[in-house]
Amino acid sequence: MGIRERLSGNEAAAIAMKQINPDVVAAFPITPSTEIPQYFSSFVSNGQVDTEFVAVESEHSAMSACIGAQAAGGRAMTATSANGLSLMWEMVYIASSLRLPIVMSLVNRAVSGPLNIHNDHSDAMGARDSGWIMLFSENNQEAYDNLLMAHRIAEHKDVLLPLMVCQDGFITSHSIENIELLEDDKVKEFVGKYNPEHYLLNDKEPIAVGPLDLQAYLFEHKAQQAIAMRNAKKVIAEVSADFEKLTGRKYEFFERYQMDDAELVIVCMNSTAGTAKAAIDELRAQGVKAGLIKVRMFRPFPSEEIAEALKGAKAIAVLDKADSLNGAGGALFEDVVSGMYVNKTHVPTVNYVYGIGGRDTTVKDIQKVYKDLEEVAATGEVGNPYRYLGLRGEI
């Protein structure tokens, strides 16, 4: 039996890190992820872990320290948000290109400017092409569970890529929910030990990490990263299946909610899924065949599987909590419609950018989207596919 607790998302993340007991944690405080290294530092000072905690002078240094630790043969973790991830930018790409399976808790927050400390997904979407595996978490339980699975996925010999676990700033990071924790010994057994094949401190195999990589090899190395990301799909499925056997909690690439006969479907990520489920329950009581796809695995993106799940719909809305500012829709929308097109799934689809800077998104807002989808389904006409939800005034 698990351990019943009441924890915030940040507390849950910190406890997962404590149970994992990594070799190194390097972090710099930034709202709303500050509590994660703060809680974890207390575990270090209390002797509950034997982790080397590195208090650095910036987020760039935090990721640099993690890269050094992981390259040396240790298991490294960190946490950040928004502008902190931006300051890591150079090192985020280096971590993935060096195939270092660092795990980061990313508490999603709007990236400046103007300054805003509340939730949207602009930080995660900015890093979507950096070569990191990205798992999203609807609630505190999922944030905890995803972190427990993270090292098993990232460190797999067919993957060897860094991984970030995303959760919504303040909405889950600071909200307290009931949660079920695993016992420490079960976590230790599930996660296992980190035994890298190649590392800097192996005196039997002198190697260089991060050398100059010009025309002769860089292309091939980038192709290897892409192959590793594709390999991650199978590994994520395998690790999730093992986790279900251990806990009874089932995680797939995405969650289907009321999808068996759904005609009007929303696709979204993170905490908005909870609001959408409440909206769907009310609409179902009125006879509306509403459904939800909640994306958990954003990188690698499950294009084929999502296209298959959506092929029976009559109209689809993809909700993006960040605007790509490209005039052609948000990042999740682009991935969904690309996957549908390639896999020959042709359903009228619209995009809604919503929740920017922490703008509240209510059940009524979500129900308005389903109302719009009813019109799209009835007419077959999308009109303007690039829309806003909850925006004051007209653009």
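Restricting Pro29, Pro22 to residues that are more than 19 Å from the chain's Cα centre (by Cα) and either buried (at least 19 other Cβ atoms within 10 Å of the Cβ) or among the acidic types (Asp, Glu) (or both) narrows the list to Pro22.
Yes or no: the range 379-393 includes at least one residue that is at pLDDT below 95 and among the aliphatic types (A, V, I, L, M). No: the range 379-393 contains no residue that is at pLDDT below 95 and among the aliphatic types (A, V, I, L, M). Scanning the range 28-50 for any residue that is touching a Pro at 6+ places or on another chain (Cβ under 6 Å) and either assigned by TED's automatic domain parsing to the domain that holds Glu90 or not in a loop (DSSP other than H, G, I, E, B) (or both) turns up nothing.
Looking only at residues in the range 240-256 that are in a loop (DSSP other than H, G, I, E, B) and charged (D, E, K, R), the one that is surrounded by the most Cβ atoms within 10 Å (Cβ to Cβ) is Glu252. Taking the conditions exactly as written (in the same structural domain as Asn10 (by TED's automatic domain parsing) and under 18 Å from the mean Cα position of the chain (by Cα)), does Val235 satisfy them or not? In short, yes.
Counting only residues that are loosely packed, with under 15 Cβ neighbours inside 10 Å, of a type in the set (Gly, Ala, Ser) and within 20 Å of Ala76 (Cβ to Cβ), the range 180-233 holds 3 of them.
The values are calculated or read from the model by the stated rules, or taken from the named source; none is laboratory data. Keep in mind it's a predicted model, so treat the numbers as computed, not measured. Virtual Cβ from ideal backbone geometry, glycine too; neighbours counted across all protein chains shown.
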